[in-house]
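Engineer: Please find one structure pasted underneath; my questions will follow.
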Amino acid sequence: MSLTSAATLATLDRTGPRRITDLAAVEGVTQPAMTALVRVMEESGLVERRGDASDKRVTLVCLTDAGASYVRTRRQAGVHAFERLIGELTGDEVEALVAALPALKHLAELESQDREGPKQ
């Protein structure tokens, strides 16, 4: 799976259903590229398109159960990889990581806000 596909699934998991135009903007790709990507993920059973109850002209891209499971599995694999790597650090290195956690959390929040764009 491409990084853009994985990032799109993670965005949908984090933010809920989105328009293709919104997903394209968040992931930094063109709308035609996102449309093609969504079609492939739809054929793979990871996402589905649904109508928007508040605007019948709009179609939203939603995670399926399989898509949500994929995101959870991928995140868990990342957690296990970090656990293994942190286990190889010295005590001083682990302490330095713990001290850096507030700044890292803030960076992640800033990045998330930047990727999601302005709230509607």
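Engineer: Would you say GLU48 is surrounded by 15 or more Cβ atoms within 10 Å (Cβ to Cβ), in contact with a strand residue (DSSP E or B) (Cβ under 9 Å, 6 or more places away or on another chain) and assigned to a helix (DSSP H, G or I)? Even if it seems obvious, please write down each step before you answer.
Structural biologist: Details: surrounded by 15 or more Cβ atoms within 10 Å (Cβ to Cβ): yes; in contact with a strand residue (DSSP E or B) (Cβ under 9 Å, 6 or more places away or on another chain): yes; assigned to a helix (DSSP H, G or I): no.
When the stated conditions are applied, GLU48 does not pass them.
Engineer: If you take the residues of region 54-76 that are over 19 Å from LEU3 (Cα atoms), open to solvent by less than 90 Å² (accessible area, probe 1.4 Å) and not hydroxyl-bearing (Ser, Thr, Tyr), which of them is modelled with the highest pLDDT?
Structural biologist: LEU60
Engineer: Let me confirm something: among LEU37, LEU9, which residue is in a helix (DSSP H, G or I), touching a Phe, Trp or Tyr at 6+ places or on another chain (Cβ under 7 Å) and at pLDDT 95 or above?
Structural biologist: Values: LEU37 fails: touching a Phe, Trp or Tyr at 6+ places or on another chain (Cβ under 7 Å).
Exactly one residue qualifies, and that residue is LEU9.
Engineer: Using the structure shown, decide if VAL40 is in contact (Cβ under 8 Å) with a residue 24 or more places away in the chain and in contact with an Asp or Glu (Cβ under 9 Å, 6 or more places away or on another chain).
Structural biologist: no
The values are calculated or read from the model by the stated rules, or taken from the named source; none is laboratory data. The model shown is predicted, which means the values in this text are computed figures rather than measured ones. Cβ: placed from backbone, ideal geometry, glycine included. Neighbour counts: every protein chain shown. Only protein heavy atoms, including side chains, enter the accessible area calculation; ligands, DNA and RNA are left aside. Shrake-Rupley method; radii C 1.70, N 1.55, O 1.52, S 1.80 Å.
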